[in-house]
Each structure stands twice: as C-alpha cells, then as structure tokens.
Amino acid sequence: MLKKTILMFILTASQAFAQQAADSKADQRGSDKLDIKKLEQKYWAAKDDDFSVVQNRRYVKAERFYLTGAAGIPFNDPYSTGTIASGSLGYFFNERWGLEASYNSASMKDNDAVGQFVDTYGVIPDHNIFKSSYFLSGIWVPFYAKMSVIDKAIIYFDMGISVGAGTLDYEITQKEGNVSKNTFAYKLGVFQQIFFSEHFAIRADLVNTWSTQDKMKYYAPGTTPIPGGPAVTGQRDLGSETINDTSLMIGITYWH
C-alpha cells in the first residue's frame, strides 16, 4: 500500500511539473505576438496628451525663406475697381510658424456705381481711393494635406492664417486735386498654397484689412457742382471712418 501511495505521488508531481513547463513555453511563444489592446491603451488613450499624427512631408517649410509675387482684385470697394500687385518675403521657423513682410500696390479707378451716381445726380460722390500698403505678419499653418487627383497624381497643399499690422496709403478725392494720406492698418488673411516642386508653389490669399481713414467732401463748401444748382454747405471735413478692404490674390511662391 505504501509503494502504491509513493508511486501515485511521483506520477502526480511529474504531471504538474510537465504542465508548468508547457505553460511556460506557451507564454514565451505568446510574448512574440502583438498585443493590440496594450497598443491601443498606450497610443490611443484619451489621457495621452503627447499623441500626435505622424505624417511624412514631401515638401517642408521649416527653416526656409520664400518669395511670393501675386496679383489680384478688390471686391468690396463700393467706389473703385482695378488690380492689386503684391510682393512678399517670409521665413518659416518650423512647419507651423513663420514671419512675412509684404507690400501691395493698387491701380484703381472709379467703378460703375460712381458713373451711375454722376449720371443720376450730376455730381461725384465723396470717397477715398486705396493706393498701397506695407504689412508685417505672423503666420500660422494648422492644416497640411495630400490630395489624389483622379488617381494620377498626388497634390501637396497647406492652409494657413496670417495676422499683421502696418501702414496704408490712400487718397481723398477732391475736385481741386486728390489729397494723399497715410494711416495705421490691421490685416487678417487666409491663404492656401499647392506645392508642385521643392522650390515652387501656387498660392491664393483672401486678405482683409482695416484702417481708420479721414473723409472729406469732394466739392468745397460754397461751390455749385451743378450750374444753377444749390451750393455745397457745411464743413468739408467729414471726420474719420473705419474702412474694410478685401482682396483676392493669386501668385507664385519660390522656396529657397
């Protein structure tokens, strides 16, 4: 009976040892497998503040200068129409932040609304004419993307915001001759550029500027704009007014 008891103990111990060895080997084999749940917890957890999208950029902007030449039109000026030419020089410190200096020069003339006013009332309305501007702007680029074009090519583009301040030159229209003025101005722009090589990109800007401008009557008090009509009365100085100018610019950017 004692022999049978000892034999059963030896068999039970041997079986337990064999099972433990098998489990150990299984754990070793399982360690080579990818644990998806652990990866999700580590990289996709909401509490992970360091998470960011990893994206390969073919055309980089960081630590590069650029030069942009563009042309466009104003489209909210109630009295003038024409074209605007601009030049910009900028530098990006990294892929998100940059600094830009820009100059804009306008070639404007009275639009159809002024012509209709003259035809209807026989006089020219009081108005100012935008001439040029200088701005220094900070640039932030929050969007970068790639886009497939009918499965034939990949377009690389980004979209950014520019905020700046500078000076604006304008003219007050007067019958005796226009008066040139200069004022402080703010700028807020949204732009998008499409890269087609390492050094060149197409850029489109929607630019808004705000400035406080002096306003004056076109005709001097006491004069009669219409022969036989009433004379102009009151003060010629009309005070000041905040003017918003909006323009759409399209151009080419060279990246150095």
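The values are calculated or read from the model by the stated rules, or taken from the named source; none is laboratory data. Just so it is clear, the model here is predicted, and its values are computed rather than measured. All Cβ positions, glycine included, derive from the backbone under ideal geometry; neighbour counts span all protein chains shown. Side chains are part of the model used for accessible areas, which takes the heavy atoms of the whole protein and leaves out ligands, DNA and RNA. Shrake-Rupley method; radii C 1.70, N 1.55, O 1.52, S 1.80 Å.
Quick look at the values:
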read-out: Within the accessible area of segment 155-231 (1.4 Å probe), percent carbon and sulfur; value: 64 percent
read-out: Three-way shape call for segment 86-158 based on the alpha-carbon gyration tensor, with the a/c threshold at 1.5; value: oblate
read-out: Theoretical FRET efficiency, 1/(1+(r/R0)^6), r = Cβ-Cβ of H199 and Y134, R0 30 Å, to 0.05; value: 0.70
read-out: Members of K131/K217; K187/K217; K109/K175; K181/K217 lying beyond 22 Å, as alpha-carbon distances in this model show; value: K187/K217
read-out: Nitroxide proxy distance, nm - points 7 Å out along Cα→Cβ at Y254 and E241; value: 4.2 nm
read-out: Solvent-accessible heavy-atom area per residue, rounded to whole Å², over segment 93-219 at 1.4 Å; value: 53 Å²
read-out: Residue order for D169, D158, D112 - accessible surface, 1.4 angstrom probe, largest first; value: D112, D169, D158
read-out: Extension gain from A145 to F184, taking 0.36 nm per residue of separation minus the Cα-Cα distance; value: 10.5 nm
read-out: Under Karplus coefficients 6.51, -1.76 and 1.60, residue-wise ³J(HN,Hα) of segment 242-255 in Hz, glycine/proline x; value: 7, 10, 10, 10, 10, 9, 10, 10, 10, x, 10, 10, 9, 9
read-out: Residues whose placed amide H lies under 5 Å from that of T83, excluding near-sequence neighbours; value: S107
read-out: Selection of trypsin sites (Lys or Arg not before Pro), segment 105-171, meeting DSSP coil and at most 16 other Cβ within 10 Å; value: K152
read-out: Linear extension gain, W97 paired with V118, 0.36 nm per residue minus alpha-carbon span; value: 2.7 nm
